[in-house]
Structures are given as structure tokens and as C-alpha cells.
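Note sheet for the following structure.
The values are calculated or read from the model by the stated rules, or taken from the named source; none is laboratory data. This one's a predicted model, so the numbers in the text were calculated from it and none came from an experiment. Ideal geometry is used to build each Cβ from the backbone, glycine not excepted, and the neighbour counts take in all protein chains shown. Side chains are part of the model used for accessible areas, which takes the heavy atoms of the whole protein and leaves out ligands, DNA and RNA. Shrake-Rupley method; radii C 1.70, N 1.55, O 1.52, S 1.80 Å.
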Amino acid sequence: MSVTTLSSSSRSSGVTVIGGGGGSRSSRRFRSTSSSRDDANALSFSSFSSTTSRAVRTTRRRYRGFACDNTLSPLKSKTDPATLKNRNPANDSMIKAAKGEKVSKTPIWLFRQAGRHLPEYNQYKKDTGKNFLQLLDDPEDVCEVTMQPVRRYKLDAAILFSDILVIAEAMNVDVEMPGGKGIVVPRPLQTPEDLETKVPKTIDVEERLSHVLKSVRRINEQIEKENLQIPLIGFSAAPWTLMYYMVGGSSRKNTDSGMNWLKNHPEASRELLGRLTSVVIDYLDLQIQNGAHMVQVFEAMCEHIDEKEFYEFALPEMEKIAKELKKRHPNVPLLGFARDAPYAISDLQRIGYDCITLDTVMDRKYARNTLAGAAGGEANMSSVQGNFDPKLLVDGSFEEIEREAKRMLQDFGPQKYIANLGAGLGGKEDCAKVDYFVNAIHRLSEEMIN
């Protein structure tokens with residue numbers, strides 16, 4: 001049994017700022033191409049179609065027992081590596097680009113590429129009679145939904161269909177998604193005493209999140225079966241994002257609860273973040289051992305943490321994740337995304353993230369120049385990922401999509417770059433426009449490179 005120990009050790013109270021930026025939240029913003037906000041989860045949510053007699057489940061699994069024992073150390077998955085499928089996909093441009101290696105054309109995938117903008121997803125939900133949470137419970141459903149966009153579009157990677165709070169759920173925190181309200185933690189932690197009485201100090205990650213790991217294996221089986229020859233991206237929320245929900249309960253209400261915890265309960269906050277960090281490390285480690293070719297750490301809630309506290313509390317945990325994963329899997333690309341924290345991009349590079357994801361508020365040339373300057377030149381800089389405005393896939397013309405795709409490639413350059421969105425697909429996008437965008441990135445970048 002693989003048991004993760006979650007107790008924290010002594011932590012630094014600060015991190016030296018190497019990148020640019022600073023000041024209030026408003027002064028952090030660079031060029032904004034969109035006023036829209038991506039939801040705090042990596043994928044889309046949906047309503048329930050009652051076509052079965054099964055009761056509607058709006059609450060995820062809850063961990064009832066407390067494991068004990070053992071220390072943080074590399075895990076060995078119960079899965080035999082020899083049984084894994086799609087181990088070396090022929091289309092490895094995503095992996096190469098993340099590592100900074102040359103590619104013949106810029107690779108592309110999309111935030112929330114699976115989900116409600118696809119008519120086949122909505123039909124599948126209707127046919128199965130399952131809501132979003134029920135789909136996530138079944139690896140066969142996860143596999144099908146993950147595969148839908150890579151069948152429709154010429155994407156260079158699949159992304160695990162999941163949500164960012166599976167770790168919180170595995171640690172005894174109920175999560176609900178009532179219609180129209182997004183992610184909700186109905187009973188958030190109120191005091192440090194709640195942390196000690198309600199949140200386990202250790203969990204068996206492989207047991208508690210076995211359905212996710214089985215989904216990873218199942219997706220790669222299907223990718224190989226359909227001869228798509230593309231890699232699979234795994235991901236996890238970062239510790240601050242998990243803590244934000246666990247103590248605040250919602251992305252839309254009580255948005256100051258996380259900061260209040262950091263200020264009023266700094267030691268309990270460090271303890272909680274430390275526990276979460278240990279689980280995130282093992283969760284991503286196990287995703288890789290079960291077949292994920294690259295993983296992203298998603299710090300979604302930087303809008304709700306001040307810069308000083310980001311460097312004191314959030315970034316040190318992201319650094320621990322990067323260093324430990326690089327120790328365990330030195331050749332697996334690690335993508336880092338601190339949304340709404342443009343001041344931190346060079347720090348993410350410094351602490352070991354191979355590819356830095358940028359949101360729509362980040363000026364492209366500034367980002368590339370900042371990373372190159374901090375690394376001592378473009379040869380040593382991390383790759384970048386992002387940051388096309390998804391609004392153009394809703395109400396933009398094909399000409400506007402073409403023009404903006406070309407501008408984005410010119411700003412970032414076609415190498416050391418993964419094309420993506422700066423915010424997730426929201427559900428209203430035109431599939432024809434999404435397809436056009438994907439193909440335009442391949443066509444235009446190939447022209448630029450050749």
C-alpha cells in the first residue's frame with residue numbers, strides 16, 4: 001500500500017523575487033485581451049438528465065478513515081509498466097516543445113477541449129443519463145469524454161478529463177456542483193481545529209484516487225487502439241488553489257477566506273499546504289507511472305492571494321512539487337500555470353517548470369523577453385504555452401481567428417512554444433471555428449519554421 005505522509009516540515013517564510021512585476025492586483029495586469037474569466041476548474045460542468053432510476057449524486061466520494069504511518073518517498077505504482085499502452089507516441093511534438101526541442105510545426109491543445117462545447121459530449125451525457133460528477137466516477141466515461149475532442153480536431157495531445165478538487169475530496173472534504181453555482185465546498189474548514197479533526201494527515205493516494213489512475217491507463221489504451229499516436233497530459237491543482245476552496249468553499253463567495261487564513265492562522269496554513277503538497281506530488285507521480293506523458297500544476301486562484309503571500313506561501317509549495325517530480329521523473333515535462341500571477345513567471349522557470357503557461361492578461365513579448373532575460377538567453381529559457389482569447393472562437397470571424405493566430409505565433413515564435421488558450425473553452429464556442437484555429441496554428445507555424 002502506498003501511503004502519503006502529509007505532515008509539514010519547517011518552511012521558509014519568503015522567496016527572492018527574480019522576475020518583474022509587483023504592486024497591487026490592478027498593476028499586475030499586462031495587456032488584457034479579454035475580460036472573461038475561466039472557471040476555477042480545468043474542465044466543464046453540466047446538468048443532469050434524469051433518464052435512469054439512479055439517484056442524482058451531487059457530492060463526490062468522501063474519505064472515511066485516516067491512514068497512518070510512513071514518510072514522503074517515491075512511490076512504486078501497483079501497475080506493471082510493461083502493461084501500459086501508448087508509451088511512446090509517434091506524434092511527440094508536445095513533449096519536444098515542452099522540453100525546448102525543435103519541432104516541425106507548433107503543437108496545440110486547448111484548455112477544456114473536452115466538454116460542453118462539443119455536441120457529442122452533450123449527447124453522451126443525455127444517452128448515459130449521467131451528470132458531470134457521475135462521469136468522473138467511471139473510467140470508461142472519462143476515457144470516452146477525453147477522446148471526443150482528439151477525434152474531432154487534429155490536436156497534439158489529449159488531456160485527462162477530471163476536475164481540480166479530486167485531492168480535496170480524497171482528504172475528506174465534500175465537493176458539490178449544484179446547477180449554475182460552479183464548484184462548491186459546502187462545509188469548508190473554519191478553524192485550525194477543523195484541520196486537525198476533519199482532514200487526514202495521511203492518505204493512500206493510489207487507493208483513494210484509483211479511479212483517476214485507471215482512467216489514465218484506459219485513455220492510453222484507447223489512443224493506441226484508435227491509432228491517434230498522441231501523448232496524454234495529466235494535471236493537478238496546486239496547493240494554494242486547493243486550500244482556497246477548502247477554507248472558503250466557493251470561487252464566487254467568501255473570496256477573502258483564504259487570505260484571512262494565511263494572515264490569522266499562518267502555521268495552520270503552512271501545515272495544510274504541506275499536507276496538500278505531499279498529496280499533489282504523489283498524485284502526479286502516480287499519473288506518470290500509469291501513463292501520463294507530461295503533467296501540469298494548475299494554480300488557479302492567484303487572483304485571491306496578494307503577491308507577498310504568494311511568495312511566502314504558494315510558490316514554495318510549487319517549488320517542492322517541481323523539485324520532487326524532477327527527482328522522480330527527470331525526463332517528463334512539467335508545465336506550470338499560476339493564473340493571474342504574471343509577476344511570477346520567471347520564478348516558475350527558476351524553480352524547475354519546463355513550460356510556463358500564460359493567461360490572457362499576459363503580454364506575449366514581455367513574457368518571452370522576461371523568461372529569456374532571467375535564464376540568460378533564449379537557449380536556456382523555459383518553453384511557453386498560451387494564450388489565445390477563446391472569445392474569438394465564439395463571435396470572431398475566420399479572418400480574425402487567422403489574423404490573431406498569426407500574431408500569436410509571431411509574438412511567441414513557433415519554437416519553444418505550445419499553442420493554447422489563455423482561458424478555458426466555456427461551452428458556446430463554434431466547433432468549426434475551433435477546428436479552424438487548430439489547423440491554422442499547424443499551417444502557419446509550419447510556414448514560419450520552413
Legend entry - Under 5 Å, built H, 5+ apart or other chain: amide partners of S250: V185
Inset, instruction - For R252 paired with D411, estimate the spin-label separation in nm (one decimal), with each label point 7 Å from Cα along the Cα-to-Cβ line. - result: 3.0
Inset, instruction - Work out the FRET efficiency for N264 and H211 from their Cβ-Cβ distance, taking R0 = 30 Å, and round it to the nearest 0.05. - result: 0.25
Inset, instruction - Using amide H atoms built 1.01 Å from N in the peptide plane, name the residues 5+ places from F388, or on other chains, whose amide H lies under 5 Å from its own. - result: N420, L421, G422
Legend entry - E303 paired with K428, simple spin-label distance in nm, labels 7 Å along Cα-to-beta-carbon: 1.6
Inset, instruction - Please give the length that would be gained between K78 and N91 if that part of the chain were fully extended, namely 0.36 nm times their separation in residues minus their C-alpha to C-alpha distance (nm, one decimal). - result: 1.9 nm
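For the stretch 150-292, what does the convex hull of the Cα positions come to per residue, in cubic angstrom?
Residue-normalised Cα hull volume stands at 119 Å³.
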Inset, instruction - Using a 1.4 Å probe and counting only protein heavy atoms, arrange H293, H265 so the residue with the most accessible area comes first. - result: H265, H293
Legend entry - Note, ³J(HN,Hα) from phi for the stretch 358-373, Karplus 6.51, -1.76, 1.60, rounded to Hz, x at Gly and Pro: 10, 8, 6, 7, 8, 5, 5, 5, 4, 4, 5, 5, 5, 5, 5, x
Legend entry - Flagged links, alpha-carbon separation over 21 Å, of K125/K391; K214/K428; K201/K320; K105/K416; K326/K365: K125/K391; K214/K428; K326/K365
Legend entry - Proximal aspartates and glutamates relative to K126, as straight alpha-carbon distance under 19 Å, when same-chain residues fewer than 8 apart are discounted: D137, D138, E140, D141, E144
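By average Cβ neighbour count within 10 Å, what is the ranking of 81-87, 341-347, 423-429, 136-142 from highest down?
Top of the packing list down: 341-347, 423-429, 136-142, 81-87.
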Inset, instruction - Per residue of the stretch 336-350, in order, report the coupling 6.51 cos²θ - 1.76 cosθ + 1.60 (Karplus, θ = phi - 60°) as ³J(HN,Hα) in whole Hz, putting x for Gly and Pro. - result: x, 9, 10, 5, 6, 10, x, 5, 9, 4, 6, 6, 4, 4, 4
